[in-house]
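Here's the structure, in structure tokens; my notes come after.
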Amino acid sequence: RFFSDEYPPGPYDGYTSERRRKNLQILFNNTTIIPFKWRGRYLCFYCGNTSSDYAELRKHTKSHGSCSTKDYALKIIKGNHIEIKIDVSDITCDVCNEPFGSFNEIVDHLIGKHALEYDKSIDTPLQEYRLSDCQCQFCDQQFTYFGNLVSHVNMNHPQNCFICDDCGATFNKKRDLAVHFRNNHKQGGYPCDQCSKV
């Protein structure tokens with residue numbers, strides 16, 4: 001079916017998810033920006049290998065080579081509710097070795113100078129961290145342990161990017177939005193727009 005104002009595309013629209021994965025592929029294959037996960041230790045975005053420090057994480061992640069939209073790590077990204085942690089300690093274009101001061105600057109560069117098809121209209125939630133010195137991107141406070149930086153950002157600089165469709169309340173985490181919805185708005189579910197069953 002075609003999308004219209006009556007039936008707007010949902011967050012799991014296939015085209016949007018595919019474009020989001022393509023954006024990430026362009027970003028990770030053409031810059032020094034490193035994706036990662038955190039579970040009390042650094043985890044490789046692609047394979048889950050644990051690293052005890054920043055240098056080891058960078059070296060291991062780069063050893064994977066170029067990523068593809070078919071890679072499992074990118075393939076599971078559906079919708080815009082999954083925030084990806086990225087290291088922006090060193091933002092350099094891998095194509096021409098030009099350094100940049102911000103994520104937005106390098107995206108504009110990849111589009112303008114190298115004609116890469118990064119789609120800026122697609123929302124791709126990213127959490128930017130400077131792993132080289134564990135410095136907060138918002139207030140420049142520095143930490144000796146990355147876990148403390150994550151706690152600091154969540155407590156002092158929440159992004160509130162999860163919005164309740166019913167009342168407009170904003171939340172820093174998807175799970176907080178889910179709890180809010182379950183406690184305040186769920187009254188038997190919603191009717192199906194095809195058959196009207198709840």
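The values are calculated or read from the model by the stated rules, or taken from the named source; none is laboratory data. For clarity, every value in this text was computed on a predicted model and none was experimentally measured. Here the Cβ is made from the backbone with ideal geometry for all residues, glycine too, and neighbour counts use every protein chain on show.
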Next item on the list: For ASP119, work out the one condition from (1) modelled with pLDDT of 90 or more; (2) more than 22 Å from LEU27 (Cα to Cα) it doesn't fulfil.
Entry: (2)
Next item on the list: Answer yes or no: is there a residue in region 70-85 that is over 18 Å from the mean Cα position of the chain (by Cα), over 17 Å from GLN135 (Cβ atoms) and either surrounded by fewer than 19 Cβ atoms within 10 Å (Cβ to Cβ) or touching a residue at least 12 places away in the same chain (Cβ under 8 Å) (or both).
Entry: no
Notebook entry, point to check: On the given criteria, is CYS192 of a type outside the set (Phe, Trp, Tyr), exposed (fewer than 12 other Cβ atoms within 10 Å of the Cβ) and at pLDDT 70 or above?
Noted result: no
Checklist line | Pairs where the first residue, in region 168-194, is under 30 Å from ILE84 (Cα atoms) and the second is of a type in the set (Asp, Glu) and at pLDDT below 75, C-beta under 7 Å, 6+ apart | finding: HIS185/ASP166
Next item on the list: Please enumerate the residues belonging to region 53-69 that are within 21 Å of ARG19 (Cβ to Cβ) and surrounded by 15 or more Cβ atoms within 10 Å (Cβ to Cβ).
Entry: CYS67, THR69
Checklist line | Qualifying positions in region 36-69 - more than 19 Å from the chain's Cα centre (by Cα) and aliphatic (A, V, I, L, M) | finding: ALA55
Notebook entry, point to check: Which ones in region 86-104 are within 14 Å of the chain's Cα centre (by Cα) and of a type in the set (A, V, I, L, M)?
Noted result: ILE86, VAL88
Next item on the list: Answer with yes or no whether ILE111 is over 24 Å from LYS37 (Cβ atoms), at pLDDT 85 or above and not hydroxyl-bearing (Ser, Thr, Tyr).
Entry: yes
Notebook entry, point to check: Among the residues of region 158-165, is any modelled with pLDDT under 80, under 29 Å from SER51 (Cα atoms) and assigned to a helix (DSSP H, G or I)?
Noted result: no
Item checked: Filter result (touching a residue at least 24 places away in the same chain (Cβ under 8 Å), closer than 24 Å to CYS136 by Cα and not charged (D, E, K, R)) within region 35-69 -> PRO35, PHE36, TRP38, GLY40, TYR42, PHE45, TYR54, LEU57, THR61
